[in-house]
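First comes the structure, then the notes that go with it.
The values are calculated or read from the model by the stated rules, or taken from the named source; none is laboratory data. Predicted model only: the values in this text are computed from it and were never measured. All Cβ positions, even for glycine, are placed from backbone atoms using ideal geometry, and neighbour counts span all protein chains on display.
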Amino acid sequence: MYQVAAGVNNVEYRRVLLNKSFDFTADSLLQATDSHTRLIFLCSPNNPTGNSLNREEIVQTVRRFDGIVVLDEAYIDFSRQASFLEELNLYPNLIVLQTFSKAWASAAVRLGVAFARPEIVRIMNKVKYPYNINQLTQDYALKMLAKESRVKRWVETLLRDREKLWKRLSALPCIEKLYPTDANFILAGVTDANAVYQYLTDRGVIVRNRNTVSLCAGCLRITVGTPQENKTLIDALERMNLTGTPCTPLKRR
């Protein structure tokens, strides 16, 4: 979506590939910038990899870059790392993005929040659309904020279920690798991503096929669902292997 937003505004967009650990260094990132570069976008925890980026490298990037660094923390509620909101006052060129779409279970509301120093917020207020978010959305957001303790319990439950799902997935023959995650999903390397994806889709189990994403060849992104949804997924993958050939879907009779 960063690329889409840049394209809509006729802004040059440059990708910097992560390393094999789905991480980066400030040096490698800043080498891709020049005097025209004004914004750097980082996503931590990242999507679709699930990992948090190296905190010190984020700090070095913010300190060394002569422009604005936007840190997307949409999945931060599921992370072992603390949010950069706690250190926002230390970095005048940092913008932190968060959302109601993930841990707050309010994706359909389409409400995100940008946190920044007052100087940046004043400039953003000058260029944003003249309409604020509608009253219904504001009222809903206030109701959700009053349920913060309940949201924390939701997150704790999801993290426990994520651990259980991880263990069940790791025991399956068709799973080649599970990547460390600080999000509400698990990136899984499988022996045939396209075949497994189609097999699950045919049975009403929807995952994300990330086989064509850079560095994610052969991978599916699996969201942590309810216990019953997770069981349905595992049961389907176990049935897939009954033929004795890992990740070869069973033919329908």
Worksheet item: Does residue 173 satisfy the criteria of being modelled with pLDDT under 95 and part of a loop (DSSP other than H, G, I, E, B)?
Response: yes
Item to complete: For residue 131, indicate whether it is surrounded by 11 or more Cβ atoms within 10 Å (Cβ to Cβ) and either assigned by TED's automatic domain parsing to the domain that holds residue 48 or touching a helix residue (DSSP H, G or I) at 6+ places or on another chain (Cβ under 7 Å) (or both).
Response: no
Worksheet item: Mind checking whether some residue in the range 70-89 is surrounded by 17 or more Cβ atoms within 10 Å (Cβ to Cβ), polar (S, T, N, Q) and not assigned by TED's automatic domain parsing to the domain that holds residue 208?
Response: yes
Worksheet entry | First in the range 106-126 and over 21 Å from residue 1 (Cα atoms), second anywhere and in a loop (DSSP other than H, G, I, E, B), Cβ under 9 Å, 6 or more apart | 117/91; 117/92; 117/93; 119/92; 120/92; 120/93
Discussion item. Anything in the range 224-237 that is touching a helix residue (DSSP H, G or I) at 6+ places or on another chain (Cβ under 9 Å) and either more than 20 Å from residue 45 (Cβ to Cβ) or not small (Gly, Ala, Ser) (or both)? List them, or say none.
Written reply: 224, 226, 227, 230, 231, 233, 234, 236, 237
Worksheet item: Does the range 134-168 hold any residues that are free of Cβ contacts under 8 Å to residues at least 40 places away in the same chain, surrounded by 15 or more Cβ atoms within 10 Å (Cβ to Cβ) and assigned by TED's automatic domain parsing to the domain that holds residue 186, and which are they?
Response: 166
Discussion item. Condition first: under 25 Å from residue 60 (Cβ atoms) and small (Gly, Ala, Ser). Now tell me which residues in the range 87-143 satisfy that.
Written reply: 114, 116
Worksheet item: Pairs, please: C-beta under 6 Å, at least 6 apart or cross-chain, first residue touching a residue at least 12 places away in the same chain (Cβ under 8 Å) and within 16 Å of residue 22 (Cα to Cα) and in the range 53-82, second among the aliphatic types (A, V, I, L, M) and assigned to a helix (DSSP H, G or I)?
Response: 57/26
Fill in: Residue that is farthest from the chain's Cα centre (by Cα), among those in the range 8-65 that are surrounded by 12 or more Cβ atoms within 10 Å (Cβ to Cβ) and of a type in the set (Asp, Glu)
57
Item to complete: Kindly indicate the residue of the range 185-213 that is at pLDDT 95 or above and polar (S, T, N, Q) and also surrounded by the most Cβ atoms within 10 Å (Cβ to Cβ) among those meeting that condition.
Response: 209
Discussion item. Quick test of your reading of the structure: residue 196 fulfils all but one of (1) over 21 Å from residue 45 (Cβ atoms); (2) touching a Leu at 6+ places or on another chain (Cβ under 6 Å). Name the failing condition by number.
Written reply: (2)
Discussion item. For the range 115-141, give me the residue count where each residue is small (Gly, Ala, Ser) and closer than 24 Å to residue 68 by Cα.
Written reply: 1
Worksheet, complete the sentence: Quick count over the range 1-27, residues being under 27 Å from residue 188 (Cβ atoms) and not aromatic (Phe, Trp, Tyr), is 12
Discussion item. Being over 14 Å from residue 224 (Cβ atoms), touching an Asp or Glu at 6+ places or on another chain (Cβ under 7 Å) and either assigned by TED's automatic domain parsing to the domain that holds residue 43 or among the hydrophobic types (A, V, I, L, M, F, W, C) (or both) is the requirement here; does residue 196 meet it?
Written reply: no
